[in-house]
Amino acid sequence: MAETALCANDGDHILCAGDGMPVVEGAPDLYGQWISYSPEVLCAVDLDMRLCNDVANSLLWAAKEWGSVGPIEYYVMGIDESAADSLIDVYCSRRWDRNSWSKDECLAESTRANDHSMKSYQSLSAAWLAEGNPSTTMGHNGGRQFNIHQFTSSVPWGFDASYDVGFIEGVQEQKTVFHEYFHALQHNYIVTKDWDERDSKMWLRWFAEGSAEYMASVLARRLTDAGLLDSRLSEIAGKSSYDFTTLMRQKLVDTKAAYSQCGGSLKDSGYGDKCDSYEGAYSGGTWAHAYLANKHGSDILLDVFYPNLDAMGSETAFTHAYGQTVEEFYTEFDEFLDLTTEEQMAILP
Ligand SMILES: [Zn+2]
């Protein structure tokens with residue numbers, strides 16, 4: 001794995017990939033494999049190339065840490081509408097060339113005025129900038145049918161402090177890209193193209209999101225301790241250092257407050273459940289994984305759970321990895337949440 005990416009502006013998009021690494025051509029099915037191809041980050045041309053470079057570098061470090069999966073196409077939308085349209089055209093040309101998906105259909109789908117179309121990430125970014133609101137949204141948007149891992153991101157403000165949305169830490173953006181990469185890893189362990197089976201194996205929201213967030217946070221901390229996180233940000237990023245302990249303490253406080261308010265716990269944090277919230281699912285899930293890693297060893301998730309997931313299914317893979325059913329775990333975790341904050345903080349690596 002290269003540790004740094006090189007970027008080029010091709011006129012209608014910026015493309016960044018690992019220095020000296022090959023990128024995938026065509027549409028080979030590489031799900032379920034470790035690969036030596038670089039992730040590709042494709043950015044709208046109104047974004048600074050250094051922002052695009054920081055996204056790509058973060059993906060490379062995550063791939064180096066956890067293993068390289070792909071092909072990854074990570075699209076970053078900017079503020080400008082015509083730049084977004086150009087980037088979407090690049091995406092749809094690829095889908096026609098590589099996957100024979102009708103370009104007209106692709107363009108229609110990708111520019112729909114509602115939720116989660118590629119275009120919506122640009123319109124949200126523009127609206128947030130106008131309000132001075134530092135929100136971001138990004139996600140693994142599938143891609144199994146095209147043999148890719150497709151991500152789309154709104155502007156990660158922390159990689160370019162010149163946007164007038166208030167101060168956002170570049171280190172938080174790096175951690176978020178690690179989190180997104182972890183989703184590619186999770187998806188890579190599920191080979192089927194059947195949507196329902198994929199969904200059932202991605203399993204519980206707290207498990208999938210909490211593992212991504214916990215593993216990303218631990219990686220951000222490790223790189224910080226080695227002097228290799230904030231020091232690698234470009235000169236235009238929002239500068240600060242990553243404080244794992246303070247951030248984990250805040251997630252713990254948020255989790256306990258959320259559960260006392262919703263009158264439930266981790267098991268109630270699915271979509272539409274009574275503790276359906278960021279704090280309930282993401283922060284609670286992060287602490288659930290901190291607890292599991294402390295009790296069973298930090299390698300169990302990647303060495304036992306995920307490698308057995310596809311063959312065993314989620315519940316059985318959990319019991320196999322952690323020696324208890326998820327219901328038994330819920331009971332134990334609820335007892336853990338009744339301890340004092342200092343006792344809880346003491347389990348962190
Ligand atoms: Zn996520």
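Values in this text are rule-based calculations from the coordinates and carry no lab data. Keep in mind that this is a model prediction, so the values were computed, not measured. A quick note on method: Cβ atoms are made from the backbone with ideal geometry, for glycine too, and the neighbour counts reach across all protein chains shown.
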Within the chain, what percent of beta bridges assigned by DSSP are antiparallel, to the nearest 5? 55
With +1 on each Lys and Arg Cβ and -1 on each Asp and Glu Cβ, how big is the dipole of the chain about its Cα centre, in debye rounded to the nearest 20? 360
Highest GNM mean-square fluctuation, the chain, Cα pairs closer than 10 Å: which of Arg232, Arg221, Arg144? Arg232
If I take every Cα pair under 8 Å that is 6 or more residues apart in region 205-345, average their sequence separation and divide by the length, what percent do I get for the relative contact order? 25
Report the residues of region 188-228 in range of a label on Glu3: point 7 Å along Cα→C-beta, backbone N strictly under 19 Å from it. 219-228
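Could you work out how much longer the chain between Asp276 and Gln145 gets when fully extended? Use 0.36 nm per residue separation minus the Cα distance between them, nm to one decimal.
Values: separation 131, 0.36 × 131 = 47.16 nm, distance 2.93 nm.
Result for the pair: 44.2 nm of gain on full extension.
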What ³J(HN,Hα) values, in whole Hz, does the Karplus curve 6.51 cos²θ - 1.76 cosθ + 1.60 give for region 141-151 when θ = phi - 60°, with x put for Gly and Pro? 9, x, x, 4, 5, 9, 6, 10, 9, 9, 10
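Of Lys103/Lys175; Lys64/Lys256; Lys193/Lys256; Lys201/Lys274, which sit over 32 Å apart, Cα to Cα? Kindly include the intermediate steps, with their values, before the conclusion.
Values: Lys103/Lys175 34 Å; Lys64/Lys256 34 Å; Lys193/Lys256 38 Å; Lys201/Lys274 23 Å.
Where the Cα-Cα span goes over 32 Å, the pairs concerned are Lys103/Lys175; Lys64/Lys256; Lys193/Lys256.
Would you mind computing the Rg to Rh ratio of region 149-197 from its alpha-carbon coordinates, Kirkwood style for Rh?
Numbers: Rg = 14.9 Å, Rh = 12.8 Å.
Reported Rg/Rh, Kirkwood definition of Rh: 1.16.
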Region 1-89: which chymotrypsin sites (Phe, Trp or Tyr not before Pro) are DSSP loop and have at most 12 other beta-carbon atoms within 10 angstrom? Trp34
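What is the sum of charges, Lys and Arg at +1 and Asp and Glu at -1, for the other residues whose Cβ falls under 12 Å from the Cβ of Tyr214?
Details: positive: Lys175, Arg221, Lys251; negative: Glu209, Glu213.
Value of the local net charge: +1.
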In a shell of Cβ-Cβ distance under 14 Å around Asp194, excluding Asp194 itself, what net charge do Lys and Arg (+1) and Asp and Glu (-1) give? 0
Test of understanding: given the chain, find the longest segment containing no GluC sites (Glu not before Pro) that are in a DSSP loop and have at most 10 other Cβ atoms within 10 Å. 26-234
Say we join alpha carbon atoms closer than 10 Å with springs in a Gaussian network model of the chain; which of Ser68, Ser153, Ser260 then has the biggest fluctuation? Ser260
Count charges around Ser68 for me, please; just the other residues with Cβ under 13 Å from its Cβ, Lys/Arg as +1, Asp/Glu as -1. -2
Hey, rough spin-label estimate for Ala226 and Arg112, points 7 angstrom out along Cα→Cβ, what's it come to in nanometres? 4.1
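Over all directions, how big on average is the projection of the convex hull of the alpha-carbon atoms in region 46-195, in square nanometres?
Numbers: hull surface 35.4 nm².
Averaging across all directions leaves 8.8 nm² for the Cα convex hull.
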The relative contact order of region 5-186, taking Cα pairs under 8 Å that sit 6 or more residues apart, comes to a percentage of 22
Of the beta bridges DSSP finds with both residues in region 5-186, what % are antiparallel, to the nearest 5? 55
Which is farthest toward the positive dipole end of region 5-186 among Gly32, Trp157, Thr176, measuring Cα position about the Cα centre, with Cβ charges +1 (Lys, Arg) and -1 (Asp, Glu)? Gly32
For the chain, compute Rh as the Kirkwood radius over C-alpha pairs and then the Stokes-Einstein diffusion coefficient at 20 °C and 1.002 mPa s; write the answer in µm²/s, rounded to an integer. 103
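In percent, how large is the relative contact order of the chain, given Cα pairs closer than 8 Å and 6 or more residues apart?
Values: 618 pairs, mean separation 45.7, N = 349.
Over the chain, the number comes to 13 percent.
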Percent of alpha carbon pairs in region 158-274 separated by more than 23 Å? 45
Over all distinct Cα pairs, what is the inverse of the mean 1/r for region 205-345, reported as the Kirkwood hydrodynamic radius in Å? 16.0
Using label points projected 7 Å from each Cα along Cα→Cβ, tell me how many nm separate Ser135 and His296, to one decimal. 3.6
For region 5-186, give the magnitude of the charge dipole about the Cα centre (Cβ charges: +1 Lys/Arg, -1 Asp/Glu; no others), in debye to the nearest 20. 540
Of the residues Asn308, Asn114, Asn147, which exhibits the maximal mean-square fluctuation in a Gaussian network model of the chain defined by a 10 Å Cα contact cut-off? Asn114
Taking N as the number of residues in region 1-95, the ratio of its alpha carbon radius of gyration to 2.2 N^0.38 Å works out to 1.05
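Using DSSP H assignments, which helices in the chain have an axial alpha-carbon span of 20 Å or above and a mean Kyte-Doolittle hydropathy of -0.5 or higher? Let's see the in-between values first.
On the way: long enough: 49-66 (26 Å, 0.02); 81-99 (26 Å, -0.89); 118-131 (21 Å, -0.04); 170-188 (27 Å, -0.91); 205-225 (30 Å, -0.25); 244-262 (27 Å, -0.23).
Qualifying helices: 49-66, 118-131, 205-225, 244-262.
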